[in-house]
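The values are calculated or read from the model by the stated rules, or taken from the named source; none is laboratory data. Bear in mind that the values here come from a model prediction, so they are computed numbers and not experimental data. Virtual Cβ from ideal backbone geometry, glycine too; neighbours counted across all protein chains shown. We work out accessible area using only protein heavy atoms, side chains counted, and drop any ligands, DNA or RNA first. Shrake-Rupley method; radii C 1.70, N 1.55, O 1.52, S 1.80 Å.
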Amino acid sequence: MTHASLLNDNVIALRALEPTDLDVLFKWENDTDLWTVTDTVAPYSRQVLWQYLENYTADIYQSHELRLMAVLKDTGEAVGIVDLMNYSPLNNRAEFGLLIAAEHRGKGYGERALALACNYARNHIGLRQIYAYVASDNTTCLHLLHEGGFSTIGTLHQWRRRGTHYHDVVMLQCILS
């Protein structure tokens, strides 16, 4: 398997974050509709995001996280972002996160990004498993993960607050054997 096939298919590619990603990160990180998914409680300034980009190493072994931009292979347009976070070297696992921008949903990019991320996590990083926490009413994401090889392993009741209400979160796991 070539290095390129680990990070791209014929439609999308996963690549390192670049300084030119500042505007799209600013847009996505400050989209209040996404805050209930990310547990964000306050907006990010361009300065804070710029410092993040300047200091980001993409070394999962050091920082215990890896963020990869999902881009269209032909144009380089950013369509989403993949996160591997809370990496545990002892247990060879990481938490998985995926955002596909609203204007790019329903085009199969999520499935492609998930497949590339799982392949990369298994064959390059050497992860044994990845897991995710998904709101129980996020049926699109749950379907995507189930189709991508994740299994539901439990429900955290009233786990995430949205406004004045608490909502269940489904825990999912994928063994990368």
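Screening the candidates Asp33, Asp59 for the property of being loosely packed, with under 12 Cβ neighbours inside 10 Å and either among the basic types (Lys, Arg) or under 21 Å from Leu84 (Cβ atoms) (or both) yields one hit, Asp59. Note on region 90-99: residues that are open to solvent by 20 Å² or more (accessible area, probe 1.4 Å) and either of a type in the set (Gly, Ala, Ser) or free of Cβ contacts under 8 Å to residues at least 40 places away in the same chain (or both) amount to 5.
Here Thr57 meets each of (1) free of Cβ contacts under 8 Å to residues at least 24 places away in the same chain; (2) under 20 Å from Ala121 (Cα atoms); (3) not in a loop (DSSP other than H, G, I, E, B) with one exception, condition (3). Considering only residues of region 62-73 that are charged (D, E, K, R) and closer than 18 Å to Val24 by Cα, which is surrounded by the most Cβ atoms within 10 Å (Cβ to Cβ)? It comes out as Arg67. Here the condition is being surrounded by 12 or more Cβ atoms within 10 Å (Cβ to Cβ) and within 25 Å of Leu7 (Cβ to Cβ); of Tyr166, Tyr109, it holds for Tyr109 alone. Among residues that are under 13 Å from the mean Cα position of the chain (by Cα), loosely packed, with under 15 Cβ neighbours inside 10 Å and farther than 12 Å from Leu14 by Cβ, Asn123 is not included.
Among residues of region 38-54 being among the β-branched types (Val, Ile, Thr) and part of a helix (DSSP H, G or I), the one that is nearest to Ile81 (Cα to Cα) is Thr38. Would you check if there is a residue in region 147-160 being within 19 Å of Thr38 (Cβ to Cβ), in contact (Cβ under 8 Å) with a residue 60 or more places away in the chain and over 17 Å from the mean Cα position of the chain (by Cα)? Yes, because at least one residue in region 147-160 is within 19 Å of Thr38 (Cβ to Cβ), in contact (Cβ under 8 Å) with a residue 60 or more places away in the chain and over 17 Å from the mean Cα position of the chain (by Cα). Restricting the first residue to region 24-43 and requiring it to be within 14 Å of Ala102 (Cα to Cα), which pairs with a second residue that is open to solvent by less than 90 Å² (accessible area, probe 1.4 Å) and part of a helix (DSSP H, G or I) meet a Cβ separation below 6 Å and a spacing of at least six or different chains? Cβ pairs passing all conditions: Leu25/Leu49.
Selection over region 1-30 of residues that are open to solvent by less than 50 Å² (accessible area, probe 1.4 Å), in a helix (DSSP H, G or I) and not charged (D, E, K, R) gives a count of 7.
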